[in-house]
Structures are given as C-alpha cells and as structure tokens.
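Novice: Pasting in a structure now, in structure tokens, and then I'll have a few things to ask.
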Amino acid sequence: MSNDEMCYSLPAASRDPQPYTGPAKREVLAGRQQFLSPALLMYYRQPVMLVEAEMQYVWDETGKRYLDAFAGIASVSVGHCHPHVVDAIREQAEKILHTSCIYLHPKMISFAKKLAGTFPADSDLQVSYFTNSGSESNDLAVLMCRLYTKRFDVIALRNGYHGGSQATMALTAMNTWKHQVPHSFGVHFAIPGYCYRCPLGLSYPSCGVKCAKDVAEVIRYETPGEIACFIAEPIQGVGGVVVPPPEYFQIIYDQVRKAGGLCISDEVQAGLGRTGECFWAFENWGVKPDMVTVAKGIGNGVTLGAITTRMKVAERLTDSLHFNTFGGNPVSMSAGLATFEAIEADQTQKNTERLGGYIKSKLIELQNRHPLIGDVRGMGLLLGIELVKDRETKEPATSEAADVTETAKDRGLLLGRSGIDSNIIRITPPMCITRDDADFIIDCLDDVIARAEKHVNNSN
Ligand SMILES: Cc1ncc(COP(=O)(O)O)c(C=O)c1O
C-alpha cells in the first residue's frame, strides 16, 4: 500500500513549511560520516533529516511532515518551537547570552524558585544546582550524596539508564550502553519491578513484591551495610517504559533509609507532568525523594539540567570548589521558565492525562487484535508496547520492532524503540498532541503492526 492509499491521514497542520534551501540530505549524510563520530546514534535504515518544526509536527527537507511521537527522545515537552518558549529565548538572547554563575542574574533565581515551587510543600526540595544534561545531573547527584553521607556505595536498578558519562554509565544497567572499561565501583544493582518479565519468575500481587525487598539483601551482602544513596527512574524509560508495582518504591525507600542512604529520583524522562496527574513521577508512588534530577523536557529542547535537594545536603558541595560554566545560563533559564509557564497556560498536564489514557486504552484494543503486542504499559504520555514473537515464550520481536518504526516513519509517524532487546515501541510525543493526533498514532500502529505480523507469518 502506498501512502496515497492509506485510509487514515495525518491531521492538518496550521501552516506549510518554508522552502528548504540548505545542503542536500546526501551531502549532510556524507558530512556526518566524514566529520562526526561514528558513535553517534542514528535512527532508521533510511535516515531522516529534520529541518523545521511546529508543536507536535516536524518537517524534513522535502516538506514531508511527521507527527513526532518520540519528541526527540521525550525532550520536547510543550511542543516544538512553542511560541512562548521561542519568544522568551529570543528576548533573552538579544539582551545577554552568557554570564556564568560567578555573577548574579535574575532569571537564574526566578527559575530556581519556580522549580522549587513544583515540589510537594513538605518535601524541602528547595535548592538547585544547574547543569546542561541528565548525565551531568545524575553524576553530580551521586557525588553530593556521597559527600553528605560520607559513604560510597550506591544502589541502582537493573534495566535502568542514567546517562552516558563514565560515572553515569556506571549507574546504567543494560549491557547495550556499557563500554569495556572499568566502571561501577561501589555501584550495586537491584531487581527492577518489571512484572511482564519478572526476574524472579513471579506474578503480582501474589509475589509480595519480592523484587523490591531484594534491596535489603543487596545492602546486607554487597555493601558495608550502610550506603550513600539509591538512584532510580520512577518509570524506566530507555529500559522500555517499565512501570513497577505501586508499593515498589515505598518498600525500597524504607530499606535505603534504614541503611543511611539518600533517595534520588531521576525524573529526566518521566518528570514535568509526562505521567499525567502528578507533576513529578515519584508522586505516583507516594514516596519523598531527597534529591531530584531533571533535564530533557525541562528546557523544551534547550540544553538544561538540574539537581534539586535540601539545603543541608547541597551545603556539602562547598567543601571544595565546584563549577559548571554553562549551568544556569540565562538563555536556558528563560527557556525553562517559559516551559513551566506554557505547561500552566496550555493545561498540558490535563491534556497529557486525558490523551495518555485514551491512547493507552486504544493500545490495549490493538493488543487484543495483534499477537505481536505482548504488553502495553506506561502512564500519561510515557507509553510503551512490548513486541514479542510469541506470547508464551515472550521472545523479543526485535526486527519486527525495527520494521514497525521504519514503516510508521514512512507513513508520517516518528516513534521510539527501547529495551535491552530493542523490541519495545516508545510513545512519548510532545504533550500538546490532540485527539486527532492520538487517533492517527493508533491507526498507523494498527496498520504497521499488521504488516510486521504478516512478515512474521510469511517467514514461518
Ligand atoms: C532517565 C534518564 N536519565 C538520564 C539521561 C541522560 O540524559 P542526557 O542524555 O541529557 O545526558 C537520560 C537520557 O535518555 C534518561 O532517560
């Protein structure tokens, strides 16, 4: 079926793209191969070049439009080139681009205050340190915990992802993201709440959430009995949108605190209202972290990361000098502030909750029709579908997942892929999508999954 014969279509955009006048795609690709590190990850067998965007849509150099249901890896929160964010950036860029934290700048204070105001009132999460990425934020968060507790051991979760720097690669527990260098000194990995593939072979709730209780064993056998901290994503994103049982984090936080450790919630992907009702994803689990790390969507596409914690914890970083040249840059602060304002003005969280719930219910309907879909999970607009060759064996359908994302791209839908076997389709669009966009996502998935299934059947 050609795209002309598709019986569903991309909802209309409010405008056409400008004519593209830059270098041809083949030149850009050749330049990338010659001048950029081959380690840079590229999606799709036929790469896509994006040159323009508006809210939930992006255009390539030919003027073809796509619904961006991956949002640059969950990094565009309120919409590509959201006018309020763009205006704030432009206004700030015309005044002063860079100061560094050695001088005062009002935007840094306004943004820090706004960020502090988003945490539960009794949390004491009030003091922020700004960085430029999620990796930097997590790296520094662990350092701060080690300094505060005067302990070294850290617990993270298997199947977790916390960044690509050497220190955060150490916290990440997927072999696909770990290089052959010494790392992970003092880092121990506990069992994730991955019910679809329970590492203990149990079923919820009769399992008694044994996975969470494993942390006590890790502390007892693998550490001196006291630890610096525990770090986890409230929903594992790169690991394949893994949502733990509701009591999972409460059990873990209790054990960590008994061992003198602090709890870090890595909200880089799941925060900022992406899970719908709760602004921070940890709030879904009824826990109170001692530290929160953010990046990605908080700048709506602009480089911005942060660690927020209590003053008492933050104070320990003054023992020696610590500096971050671009952390708190006035342009990124303006982007962050405008992003928060847009979330309020556009009622983004309500939209996320409503449309996230709608898409999930439709995905479950697709699961009933398509044996390739083994599991549907997620909250708000952080959704995943796990593709399996066989529902009994749960053999990961890795090549089918690649077919699904490739064909969807040809049909005008950009999706993500994740999980250690790359068999989980990730749906994390900008949180401004409409009901028509949601229907397009579902219709397109229905079509491309059916095609991938036909392929499986033909090759059997
Ligand atoms: C949960 C989580 N933490 C940390 C990071 C690292 O962020 P960055 O790529 O900005 O360093 C990511 C990136 O995907 C992430 O998903």
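Novice: What 222 nm value per residue comes from the helices of the chain, counting each DSSP H run with n ≥ 4 as -39,500 (n - 2.57) and dividing by all residues, nearest 500 deg cm²/dmol?
Specialist: Using -39500 (n - 2.57) per qualifying helix, the result is -11000 deg cm²/dmol.
Novice: Kirkwood Rh and Cα-based Rg: tell me the resulting Rg over Rh for segment 1-139, rounded to two decimals.
Specialist: Radius of gyration over Kirkwood radius for segment 1-139 works out to 1.04.
Novice: To continue, here is another question. Distance check, please: which entries in 178/394; 113/312; 258/288; 288/312 exceed 19 angstrom between their Cα atoms?
Specialist: 178/394
Novice: Quick check on packing: order 148-161, 209-222, 334-347, 372-385 by the mean number of other C-beta atoms within 10 Å, highest mean leading.
Specialist: Result, highest mean first: 372-385, 148-161, 334-347, 209-222.
Novice: No other cysteine beta carbon under 4.7 Å away is the test; run it over the chain and list who passes.
Specialist: Cysteines lacking a close Cβ partner in the chain: 7, 81, 101, 195, 198, 207, 211, 263, 278, 432, 444.
Novice: Please arrange 439, 87, 68 by counting, for each residue, the other beta carbons lying within 10 Å of its beta carbon, fewest first.
Specialist: 87, 439, 68
Novice: Continuing with the same structure: For residue 95, go through the lysines and keep the ones whose alpha-carbon is under 18 Å away, minus same-chain ones fewer than eight residues off.
Specialist: 107
Novice: Out of the DSSP beta bridges found with both residues in the chain, what percent are antiparallel (nearest 5)?
Specialist: Counting DSSP beta bridges with both partners in the chain, the antiparallel share is about 70 percent.
Novice: Report the Cα-based extents of segment 86-245 along its three principal axes, largest first, to the nearest Å.
Specialist: Reported extents, whole Å, longest axis first: 58, 36, 32.
Novice: Quick one: give the max-minus-min coordinate of the C-alpha atoms of the chain along each principal axis, largest first, in Å.
Specialist: 64, 59, 44
Novice: Hey, another quick one. Can you give me the three principal axis dimensions of segment 285-400 from its C-alpha atoms, in Å, biggest first?
Specialist: Extents along the principal axes, in whole Å: 57, 35, 31.
Novice: Still on this structure, please answer the following. Test of understanding: ordering 139, 124 by Cβ neighbours within 10 Å, fewest first, what list do you get?
Specialist: 124, 139
Novice: In which sequence would 65, 354 go, from the one with the fewest C-beta neighbours within 10 Å to the one with the most?
Specialist: Going from least to most buried by this count: 354, 65.
Coordinate-derived values only; no laboratory data. Since we're looking at a predicted model, the values are computed, not measured. Don't worry about glycine lacking a Cβ; one is built from the backbone with ideal geometry, like all the others, and counts go over all protein chains shown.
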